[in-house]
Structures are given as structure tokens and as C-alpha cells.
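These notes are about the structure you will find just below.
The values are calculated or read from the model by the stated rules, or taken from the named source; none is laboratory data. Keep in mind the model is a prediction, meaning the values are calculated, not measured. So basically every Cβ, Gly included, is an ideal-geometry build from the backbone, and we count neighbours across all protein chains shown.
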Amino acid sequence: MKSIYLFFCLLKVSAVYSQFSEIEQSKMYYEKKSEVAHVTVVDSDIKISLEIDERRVFNEMVAPNYATEFVYSRSFSEIEGLTASISFLQKNGKYASHKVDNIIEKSEFTGDIFYGEDTYYEIAFPNVEKGCYTEVSYEMEVTDPHFFKPCFFSEYYPVKEAVYTIVADSSIEFGWSVFGEQKDEVVFEKKPDGNKYIYSWILKNSKAVKVEKNDPGYMKVATHVVVYIKKYRVGNESKTVLSSLDDLFNWYQELIGKIKPVSNEKLVNLTQQIIAGSTSETEKAERIFAWVQSNIRYIAFEDGWRGFIPFPASEICEKRYGDCKDMSHLMFEMMQIAGLDVAHAWVGTRSLYYRYEDTPCPNVDNHMITCLKLDGKTYLLDATDPYTPFGIPSTFILSKQVLFKGGNGSYELIQVPEYEPEFCTIQTEVVLNANGIHVSGNATKTIETFEYSHFNNIYHNSGTGKKDYLTDYLELGQNNFNLISSEIRETKPRAETTIQYTFEIPGYIRDLGESSFINLNLTTPLTEDMIKADRAYNYELEFKTSQKSRVTFEIPEGYEVPELPVDISKDFAVGSFSATYRPVGKTVIYERIIAINRLVITPSEFGEWNNFIKALHDIYTTTIELKKR
């Protein structure tokens with residue numbers, strides 16, 4: 001019994017030492033993060049105010065970008081009383097504190113994302129040196145009870161202690177969920193205090209959030225709590241805010257009802273022109289979807305109620321730009337004019353892992369699309385990507401829940417499929433000729449669905465770099481690949497692209513005198529996707545694929561192939577592949593299929609994934625011998 005007790009004591013000491021070591025080795029750490037939310041009922045409404053304080057300690061002198069702090073003011077929240085200071089250690093062992101006045105308010109604009117009313121404050125701390133610490137304090141007023149702010153215990157640097165406290169009237173009922181890597185370590189307590197309750201969540205020794213290739217993203221990894229107000233009492237009356245998914249859905253419907261009514265005469269005429277001559281309901285929907293994709297520029301807005309209420313469809317049509325809500329609402333209106341069964345639909349991207357039934361509040365979604373029901377099928381339409389084929393969801397919502405209004409007026413929930421590898425097939429066919437040690441040939445690459453969108457988005461936005469991108473995308477063999485000519489064709493409008501090209505690869509054949517060797521694995525997918533042993537998080541892929549290649553190699557005159565490699569086929573939980581060689585006349589035909597079966601590789605599957613990559617590497621190094629007759 002003593003040995004078991006000793007084991008657990010050592011385990012605890014080891015964990016504490018590990019965290020202490022992380023803090024000591026980090027450039028900086030948060031000594032404490034504190035948020036206190038005061039929630040009261042005032043004149044039948046909810047009032048929410050927050051007090052936020054944090055202290056960062058620096059273990060070494062850092063560059064200005066490490067010392068700069070950002071405080072964000074979002075829609076439905078107002079920052080007040082923002083103060084900052086920096087304290088330096090003196091020779092007498094005491095600290096001298098200095099107020100920081102270099103606080104600049106800026107509007108947030110990133111690329112095609114315009115946040116409107118949303119601003120941030122940039123705090124530049126001067127002369128940060130080893131041993132100093134910085135402090136930031138401010139208050140925040142939340143102006144709508146539907147938008148209770150989540151609290152994050154984790155940061156990109158270690159946090160020694162993070163505390164979130166809610167002091168609320170006893171008449172207010174809350175719901176909450178804790179998320180993140182250390183959610184099981186968060187200590188919760190609820191205790192009465194007069195006519196109020198005090199709720200507290202504490203996490204000590206929060207690990208630094210890492211940035212890794214193909215990681216799940218900050219929102220999935222960082223430990224945090226999402227709190228929402230279910231309901232509250234005013235006298236004998238109970239007022240509901242977000243007690244269930246029904247409440248969230250009904251509130252969303254209220255927001256849609258706030259769209260400013262305007263004349264739709266021009267929109268009706270335009271829609272009728274677009275669908276004129278259509279021979280089916282499907283063709284009507286396809287034409288409207290394609291028109292919105294081609295004619296409305298996507299610009300994301302987060303601007304007060306504009307973050308939740310679309311512009312009127314006719315205004316969107318005239319302006320020729322809008323965000324996801326605007327584009328989906330425009331499609332909604334045009335398809336209704338066309339007599340189609342459509343609904344607004346809400347969905348959270350894969351960067352969020354909340355579920356509607358677990359967390360019925362606006363935090364669960366960040367995107368809007370259009371849901372079309374036609375011939376017994378449900379189509380999810382997202383026109384924000386100009387190259388997404390009709391009826392195919394964007395990759396960033398695969399496997400996620402979609403909330404929309406059903407035929408009976410209540411909500412419906414469906415889950416976006418993950419789609420099997422065959423749904424996104426990348427097919428490459430190559431005819432390869434040899435001239436001494438050099439090879440040349442012609443090839444055809446056909447891409448569809450998710451890869452179609454991926455390629456076209458990058459290619460058409462590459463500007464003067466189109467040629468370089470295309471060369472990299474089509475590269476075969478090795479780095480001295482030379483793309484001679486190419487032709488890109490839409491073989492299926494807005495669904496499939498075919499690229500035909502000619503090429504040469506100097507010095508590709510290895511000449512050893514009587515024999516030469518050639519590797520017909522002209523592409524080597526996934527070779528850079530081995531997962532390191534110290535990886536912390538899931539490895540996430542954009543979509544599943546089936547990559548098929550067929551190489552027809554014309555045996556040069558005066559040579560023969562004495563033996564072909566044996567066929568091979570292997571199945572793993574995370575993927576599979578097959579490779580076959582066969583002689584046909586004076587050619588060797590090499591066919592290879594590689595399938596990726598997962599969107600997410602969990603830590604328990606890292607070993608299986610790496611074994612899959614290693615097995616692929618073995619076939620990539622396979623060569624065939626060309627022997628002189």
C-alpha cells in the first residue's frame with residue numbers, strides 16, 4: 001500500500017515539476033488571469049458587466065511584438081477603464097511600476113474581413129526586460145444577454161492560475177460547458193452569498209497552447225468555459241433567454257424577421273431572367289447558385305446586429321458584395337421567387353467543436369448557408385466560395401451540424417457528411433517516353449469536388465504567380481521538372497477541371513551501363529506528413545481523397561524489362577493503397593491508388609498513420625530495371 005501511495009506522490013511531484021519547468025523555459029508566462037462577471041436583473045432586463053485583470057511575467061528580454069498586448073471590443077460589448085502598467089525589478093528587490101499610455105484604438109480589418117464596429121486596443125509595453133511584469137485591467141459591458149462572453153483559461157504561453165467568477169442574482173439560471181485539453185482539471189464551485197450565487201471555475205498550471213501543422217485550431221485546444229443564461233425571474237414571471245435549442249432557433253428566426261422590408265421587383269425580374277428556359281427545378285437552383293457565386297463578392301462583416309441580420313436581398317444584389325449571411329439570404333430570396341423549398345441554415349465551422357444540443361447559444365456557429373430541399377434530397381449551398389460545386393458543402397463545415405427551419409416551422413438538425421475518399425478523386429494519367437537518361441511525355445490531371453475548389457481558388461487568386469503555382473501543382477518526378485505547355489479545361493462546368501500538359505524531366509533515368517533504372521512513382525503524396533513523436537494535438541486533414549495515377553512507360557528501343565515489381569496492396573485504418581505493374585506490348589503500365597480515410601487523426605492513431613506513410617515510402621522507392629538486349 002505504501003508503494004502505491006509513494007507512486008502517486010511521485011506522479012504528482014512530476015506533474016508539478018513539469019509545469020514549473022515549462023514556465024521557467026518560456027519567454028513569458030501569465031502569473032494570473034482573472035475575470036469577474038456581475039450579472040443582475042435591472043428593470044426586467046439582464047445587465048452584465050465584467051472586470052478583467054491579467055499579469056504577465058517575463059523570463060527574458062523580448063522583442064516588441066512579444067510585449068505588445070491586444071484587447072478586443074466586439075459587437076454587443078463595450079470596453080471601459082482600460083489601464084496598463086509595467087513594473088521593473090530594482091536593486092533593492094522591490095518593483096517600480098510605470099503607467100503605460102501608449103494604447104492605440106484601431107478598427108479591425110483583415111483581407112476581406114471587415115469588422116465594422118469591432119475595434120481593438122493595441123498596448124505597446126516599452127523596454128521589456130528579464131524579471132519585469134506587465135498588468136492590464138479593464139471593464140466590459142455586455143449589451144445583450146445572448147452574447148455571454150466565453151472565458152479562456154489557456155493562452156499561447158503558460159498560465160499559472162486562471163480564475164473565472166460569476167456573481168449573479170439567485171433568480172438567474174445558467175448553463176455552461178467546459179472545453180479544451182485540460183477541461184477535466186478545471187475546478188468548479190457554486191456557493192450562496194445572500195441573495196446571490198457565486199460561481200467559480202479555476203484552472204492552475206494551464207499548459208501553453210502549441211501551434212502545430214494541421215492542428216485543430218486554438219478554439220478546439222485552449223481550455224475555456226462557455227456560459228449562457230437559460231432564464232431569469234422577474235417577480236413571479238419567468239423570462240427565457242437560451243434554455244434550449246428551441247430558444248436559440250426561435251431567436252434566430254426573430255433576427256431574420258428584422259430584415260428591412262424593401263421592394264423586390266428588380267430581384268424578381270432578375271431571377272426570372274436567370275431561370276428562363278430551365279427544364280427542371282434542379283437547373284433553376286443551379287443557375288441561381290452559380291449567379292450568386294459569380295456576381296456577389298464575399299466580404300465578411302461583424303458589425304453590431306449586422307453580424308446576425310442580413311441586408312435585404314435587393315440591396316445585396318445592387319451592391320454586389322456581402323458576407324455569408326447576405327449571400328445565403330440572397331439565394332434564399334431568389335430561390336423562393338423561383339418556387340423552391342429553401343431555408344436559412346446556421347452552422348459552425350470545424351474550428352469549433354460545440355454542438356447545438358449541448359451549448360444552445362450563438363457561440364456554437366459562425367457561418368450561414370442556404371438549405372434547399374428538392375426531390376427528397378437536402379442540398380447545402382454555400383456561395384461564399386466561388387468554386388464550390390453545386391450541392392457540395394465547403395470543406396470547413398464537413399462533419400458539422402446544420403440548423404435550419406423545417407417544413408413544419410420548427411427546427412431541423414442534420415450533420416454534414418465527411419464524404420468517403422472516392423467522393424474526391426484526383427486522377428493523373430501519364431504517357432512517358434525515354435531519350436537516353438532524359439524523359440518527357442504528356443499527362444492529364446482531372447480534379448473534382450473539394451480538390452476542384454482547392455485548386456481553382458489558389459490558381460485564380462495567384463495573380464502573376466499563376467505559372468509558378470501551376471508548375472508546382474503539376475510537378476512530376478523531381479525538382480528539375482519542366483512544364484512545356486498546359487491547357488486547363490472545365491470538363492464539367494463548376495464541378496470538374498481537366499489539365500492537359502506536356503513536360504520533360506532531364507536526367508531522370510539512372511544509367512549504370514548495361515542496365516538503367518527508372519521510378520514510375522512520378523508523384524509521392526504524403527511524404528512530408530509523418531507525425532512527430534512529441535505532437536500534442538490531433539492531426540486534421542481538409543478532406544478525404546482518392547488519388548489515382550496511371551503511368552504508361554514506353555520501353556526504349558534496344559531495352560527490355562526483365563522483371564516487374566510484385567503487386568502490392570495494403571489497408572490501414574487511416575488509409576489504403578495499391579500498386580500494380582503489367583506489361584502491355586512494348587510498354588509497362590503502372591497503376592497506383594492511394595486513399596485517405598480520415599479527416600482527423602487522433603493521438604491513438606498516430607502510430608498507424610506513420611506506418612501508413614512508411615509503407616507508402618517503400619513503394620515510392622520502387623524502380624524497374626531497363627536492360628540492354
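Results, tabulated for the structure shown:
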quantity: Segments classed as strands (runs of 3 or more DSSP E), wholly inside the stretch 466-533, with at least 2 members that are in the same structural domain as Ala579 (by TED's automatic domain parsing) and touching a Lys or Arg at 6+ places or on another chain (Cβ under 7 Å); calculated: 496-505, 515-518
quantity: Residue pairs meeting the criteria (Cβ under 6 Å; at least 6 apart or on separate chains; first charged (D, E, K, R), in the stretch 592-611; second not in a strand (DSSP E or B)); calculated: Arg598/Val574; Glu605/Val574; Glu608/Phe572; Glu608/Ala573; Glu608/Val574
quantity: Residue selected from the stretch 298-308 under the condition in a loop (DSSP other than H, G, I, E, B) and surrounded by fewer than 19 Cβ atoms within 10 Å (Cβ to Cβ), by the criterion modelled with the highest pLDDT; calculated: Ile299
quantity: Meets criteria (of a type outside the set (A, V, I, L, M, F, W, C), farther than 11 Å from Thr223 by Cα and crowded, with 18+ Cβ neighbours inside 10 Å) for Tyr156; calculated: no
quantity: Condition broken by Pro216, with the remaining ones in (1) in contact with a Leu (Cβ under 9 Å, 6 or more places away or on another chain); (2) outside the structural domain of Ile337 (by TED's automatic domain parsing) satisfied; calculated: (1)
quantity: Residue check, Met334 part of a helix (DSSP H, G or I) and at pLDDT 95 or above; calculated: yes
quantity: Flag if Leu381 is crowded, with 22+ Cβ neighbours inside 10 Å and at pLDDT 95 or above; calculated: yes
quantity: Answer residue from the stretch 174-188, given it is surrounded by fewer than 16 Cβ atoms within 10 Å (Cβ to Cβ) and in contact (Cβ under 8 Å) with a residue 12 or more places away in the chain and is nearest to Glu22 (Cα to Cα) among those; calculated: Lys183
quantity: Identity of the residue in the stretch 560-607, among the basic types (Lys, Arg) and closer than 15 Å to Leu520 by Cα, that ends up surrounded by the fewest Cβ atoms within 10 Å (Cβ to Cβ); calculated: Arg582
quantity: Which listed residue is in a helix (DSSP H, G or I), of a type in the set (Asp, Glu), farther than 27 Å from Gly407 by Cα and touching a residue at least 40 places away in the same chain (Cβ under 8 Å), from Glu315, Glu286; calculated: Glu315
quantity: Selection count, the stretch 540-586, where residues are among the polar types (S, T, N, Q) and outside any strand (DSSP E or B); calculated: 1
quantity: Pairs, first closer than 10 Å to Ile86 by Cα in the stretch 126-137, second among the basic types (Lys, Arg) and part of a strand (DSSP E or B), C-beta under 9 Å, six or more apart; calculated: Tyr133/Arg55; Tyr133/Arg56; Thr134/Arg55; Thr134/Arg56; Glu135/Arg55; Glu135/Arg56; Val136/Arg55; Val136/Arg56
quantity: Per-region count, the stretch 399-450, residues under 30 Å from Asn521 (Cα atoms) and of a type in the set (S, T, N, Q); calculated: 10
quantity: Selection within the stretch 253-278 - part of a helix (DSSP H, G or I) and closer than 30 Å to Cys361 by Cα; calculated: Gln253, Glu254, Leu255, Ile256, Gly257
quantity: Which numbered condition Thr223 misses (of (1) within 30 Å of Asp529 (Cβ to Cβ); (2) surrounded by fewer than 19 Cβ atoms within 10 Å (Cβ to Cβ)); calculated: (2)
quantity: Filter pass, Ala383 being among the aliphatic types (A, V, I, L, M), under 28 Å from Pro216 (Cα atoms) and assigned by TED's automatic domain parsing to the domain that holds Thr271; calculated: yes
quantity: Search result, residues across the stretch 356-376 that are out of contact with any helix residue (DSSP H, G or I) (no Cβ under 7 Å at 6 or more places or on another chain) and in contact (Cβ under 8 Å) with a residue 12 or more places away in the chain; calculated: Asp358, Thr359, Asn363, Val364, Asp365, Asn366, Cys371, Lys373, Asp375
quantity: Flag for Tyr95 being within 23 Å of Trp201 (Cα to Cα), at pLDDT 85 or above and surrounded by 12 or more Cβ atoms within 10 Å (Cβ to Cβ); calculated: no
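Conditions (1) free of Cβ contacts under 8 Å to residues at least 40 places away in the same chain; (2) surrounded by fewer than 19 Cβ atoms within 10 Å (Cβ to Cβ); (3) under 30 Å from Cys371 (Cβ atoms), marked per residue:
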position: Ile437; (1), (2), (3): no, yes, no
position: Phe455; (1), (2), (3): no, no, yes
position: Asp468; (1), (2), (3): yes, yes, no
position: Glu487; (1), (2), (3): yes, yes, no
position: Arg494; (1), (2), (3): no, no, yes
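Each row is one residue, and each column tells you yes or no for (1) over 22 Å from the mean Cα position of the chain (by Cα); (2) within 30 Å of Ser453 (Cβ to Cβ); (3) hydroxyl-bearing (Ser, Thr, Tyr).
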residue: Ile505; (1), (2), (3): yes, yes, no
residue: Glu514; (1), (2), (3): yes, no, no
residue: Asn519; (1), (2), (3): yes, no, no
residue: Asn538; (1), (2), (3): no, yes, no
residue: Phe543; (1), (2), (3): no, yes, no
